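Enquirer: Starting off with a structure, shown below.
Derivation of every value follows stated rules applied to the coordinates shown; laboratory data play no part. If you're wondering where the values come from, they're calculated on a predicted model, not measured in any experiment. Quick reminder, even Gly has a Cβ in these numbers, built from the backbone with ideal geometry, and neighbours come from all protein chains shown.
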Amino acid sequence: MFSTYRHLERRTGKSGTPRLEYLQELVDEYQNTSDQEAKYQVLANLANFAYDPINYDWLWELNVVDLFLDTLTESDEKLKEFGLGGLCNLCLEKRNKEHILSNDGITLVTDCIFNEKEEIILSAITTSMFLISPNNVDNEKNDVLSDSLRKRIEHLSRSKNVCIKNLSTIFLEDYYQKKS
């Protein structure tokens, strides 16, 4: 559900923590904790907050887009999964999308399509589809839409996982058939 400032004010109450402060606490906890389970929980919470456009300005101010991008270089699969989920949730907003694109995000995201974990693959394909749009420069698209990615997507289009199969088929139809 998308929020309004009025709705947030009612939910927070007079003594509650304002949203920006709460999000700052989450970012601080993520950056300072050594407890891996706490990191997962905090990152998952940040990814959920990225779903609601009312949070975009706060997440931008706190550099959460970069935090999500950084997780894609981690070896920890859960961090990648939650980071991709967060990117997927906020990448359609123009400022976030431009930032992701200008910070090698499209390569980081498409690299995750080669992962073996189904949740990561689904988020990577979906996020890639959001980032590779008709508004992108064709040269950028061509750099991303490599032969190895095409082979991987073709392989995934035969997956037993119906969601992966369908999403891969759409990706092939939308991005590779138009390229040929």
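Enquirer: Grab the beta carbon distance between T169 and D111, set R0 = 22 Å, and tell me the FRET efficiency rounded to 0.05.
Expert: With R0 = 22 Å, the Cβ-Cβ based efficiency is 0.60.
Enquirer: Using only the alpha carbons, work out the radius of gyration and Dmax of the stretch 5-176 in angstrom.
Expert: Considering the stretch 5-176 through its Cα atoms, Rg and Dmax are 17.1, 56 Å.
Enquirer: For the stretch 46-52, in order, what is each residue's ³J(HN,Hα) by Karplus, 6.51 cos²θ - 1.76 cosθ + 1.60 with θ = phi - 60°, in whole Hz (x at glycine and Pro)?
Expert: So the Karplus estimates, Gly and Pro as x, are 4, 4, 5, 5, 5, 5, 9 Hz.
Enquirer: Still on this model: Among the aspartates and glutamates, which have Cα under 20 Å from the Cα of K97 when same-chain residues fewer than 8 positions away are ignored?
Expert: D52, D57, E61, D66, D70, E81, D111, D138, E140, D143, D174
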